[in-house]
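Structure record follows, encoded as structure tokens.
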Amino acid sequence: MQTKPYFCPNCRSNRVKFSMISSARQHFMKDAITGEVKEQHEPEQIEQPEPDIQCNVCGFVGNEMRFIKQAEREPRVMTETSPKYT
């Protein structure tokens, strides 16, 4: 996962709430008659060249570069404020 800003290309409102989705594979054997699980192995992570990211606002899922490129196209500009309280 890269340390660059994200911006959801779908809802175009979320820049902070995301989830990383990973895949796992788990081998098992079932009884052909009863369907009972006879043998089960530990899950193993599937290596992905690029992680899938989910927007926690709208639920959109896409590869990480899609979120990064959207943030580069529409960067968040920091503005200086000087609040005055009266």
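May I ask you to say which residue of Phe28, Phe18 is of a type in the set (Phe, Trp, Tyr) and over 20 Å from the mean Cα position of the chain (by Cα)?
None of the others qualify; the one that does is Phe28.
Taking the criterion of being open to solvent by less than 60 Å² (accessible area, probe 1.4 Å), β-branched (Val, Ile, Thr), assigned to a strand (DSSP E or B) and under 26 Å from Val16 (Cα atoms), would at least one residue in region 67-85 satisfy it?
No; the residues of region 67-85 include none that is open to solvent by less than 60 Å² (accessible area, probe 1.4 Å), β-branched (Val, Ile, Thr), assigned to a strand (DSSP E or B) and under 26 Å from Val16 (Cα atoms).
Can you tell me which of (1) assigned to a loop (DSSP other than H, G, I, E, B); (2) open to solvent by less than 90 Å² (accessible area, probe 1.4 Å) is the one Ser19 doesn't meet?
For Ser19, the exception is condition (1).
List pairs: first residue in region 52-65 and within 18 Å of Thr3 (Cβ to Cβ), second residue among the aromatic types (Phe, Trp, Tyr) anywhere in the structure, Cβ distance under 7 angstrom, at least six positions apart or on different chains.
Listed pairs, sorted by first residue: Ile53/Tyr6; Ile53/Phe18; Ile53/Phe67.
Given the criteria of a type in the set (D, E, K, R), under 17 Å from Glu72 (Cβ atoms) and either modelled with pLDDT of 95 or more or open to solvent by 60 Å² or more (accessible area, probe 1.4 Å) (or both), does Lys4 qualify?
Yes; evaluated as a whole, the condition is true for this residue.
State all residues of region 27-51 that are of a type outside the set (Gly, Ala, Ser), open to solvent by 70 Å² or more (accessible area, probe 1.4 Å) and either assigned to a loop (DSSP other than H, G, I, E, B) or touching a residue at least 40 places away in the same chain (Cβ under 8 Å) (or both); if no residue qualifies, say none.
His27, Ile33, Thr34, Glu36, His41, Glu42, Pro43, Glu47, Pro49
The values are calculated or read from the model by the stated rules, or taken from the named source; none is laboratory data. Predicted model, so just to flag it, every value in this text is computed and none were measured. So basically every Cβ, Gly included, is an ideal-geometry build from the backbone, and we count neighbours across all protein chains shown. Accessible surface areas use protein heavy atoms only, side chains included; no ligands, DNA or RNA. Shrake-Rupley method; radii C 1.70, N 1.55, O 1.52, S 1.80 Å.
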